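Just so you know, all these numbers are worked out from the coordinates, no wet-lab data involved. All values derive from a computational prediction rather than experimental measurement. Ideal geometry is used to build each Cβ from the backbone, glycine not excepted, and the neighbour counts take in all protein chains shown.
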Amino acid sequence: MLNTLNQPQSSALSDKLLHFTKDFETYIQDLKNILQKPKSGDISFVDFDETLYSRIPQFKKDKRFVECRGQAGIDLVYKEIGRDIFLKDYYNPDGVVKDVLSRTDVILTAGIDDLQRGKLEHSGIDKEALVVAEHKQKPKAVLKYVLKSLKSIPENITFIDDKAFDLSEEFRLLSDILQTKIILENIYLDSEKPTEVDHIDKKIFEKGKELVLS
């Protein structure tokens, strides 16, 4: 059992938490508590779009999806096509990447909450889901989930996403804060067989340091 964190250690933790949230005081005591507990188990956080479900069929069927990204894409769905029609036409259980779903504990996706949860429902996916507004908020969501929901630190945290490496520095820091191992899997789906994985690139961070993969 670790001793209670001293003042310098506490200050260092606060500085690191500031990278994720200005409201670090709501996290610091929870973090101190779980750092004194033994680590247990593994958990995976998995993206939805282009990870569990390819958008390539959408792009091929309607070129407007290629041209309209961001807010323009949202307007296309809600104002031109209609949310319910969009979900019915483009999402169903047959389109799910089952090899990835079998490795999924928690879905962590970015976008409009109502739309993302609709995609999951129409795809027949019954998993716990966290929805954040932007991709860059995902590391903070992982931190919050570990502190507030798990209330213990897993031995291994896996993050599977088609843009996982964009968050490398944030997850490296998170592995330091939690003093554990975080595995990033940058996934690429098969363009010809969208329900299959083409390949996966990996990075592994342990206690703030990147491990060299052979």
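Numbers for the structure displayed
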| read-out | value |
| --- | --- |
| At R0 = 30 Å, FRET efficiency that the Cβ-Cβ distance of Gln71 and Thr21 yields, to 0.05 | 0.75 |
| Fraction of antiparallel bridges per DSSP, the chain only, in percent to nearest 5 | 40 |
| Cα-based shape type of the range 102-211, given that a ≥ b ≥ c are square roots of the gyration tensor eigenvalues and the cut on a/c is 1.5 | oblate |
| All lysines inside 18 Å of Lys193 as judged from Cα atoms, apart from same-chain residues fewer than 8 positions distant | Lys60, Lys61, Lys98 |
| Helix 7-17 vs. the chain, principal-axis angle (Cα, 0 to 90°, nearest 10) | 10 |
| Separation of the Ser149 and Arg103 label points, Cα + 7 Å toward Cβ, nm | 2.0 |
| Calculated diffusion of the chain, Stokes-Einstein form, Kirkwood radius summed over Cα pairs, 25 °C and 0.890 mPa s, µm²/s | 133 |
| Selection of GluC sites (Glu not before Pro), the range 174-214, meeting DSSP coil and at most 14 other Cβ within 10 Å | Glu192, Glu196 |
| Pairwise FRET efficiency - Leu115 versus His199, Cβ, R0 = 22 Å, nearest 0.05 | 0.15 |
| Restraint check, Lys37/Lys181; Lys39/Lys148; Lys39/Lys136; Lys22/Lys148, Cα-Cα greater than 20 Å | Lys39/Lys136 |
| Cα long-axis angle, helix 168-178 against the chain (0 to 90 degrees, to the nearest 10) | 40 |
| The chain: angle of helix 25-35 to the longest principal axis, Cα-based, in degrees nearest 10 | 70 |
| Label-point separation, Glu169 to Glu210 (7 Å along Cα→Cβ), nm | 1.2 |
| Sparse-neighbourhood loop sites, trypsin sites (Lys or Arg not before Pro) in the range 81-160 - DSSP loop, at most 14 other Cβ within 10 angstrom | Arg103, Lys127, Lys151 |
| Three-way shape label, the range 62-158, alpha-carbon gyration tensor, a/c 1.5 | prolate |
| Unit charges at the beta carbon, dipole of the chain: most positive-side option, Ser152, Tyr90, Thr51 | Ser152 |
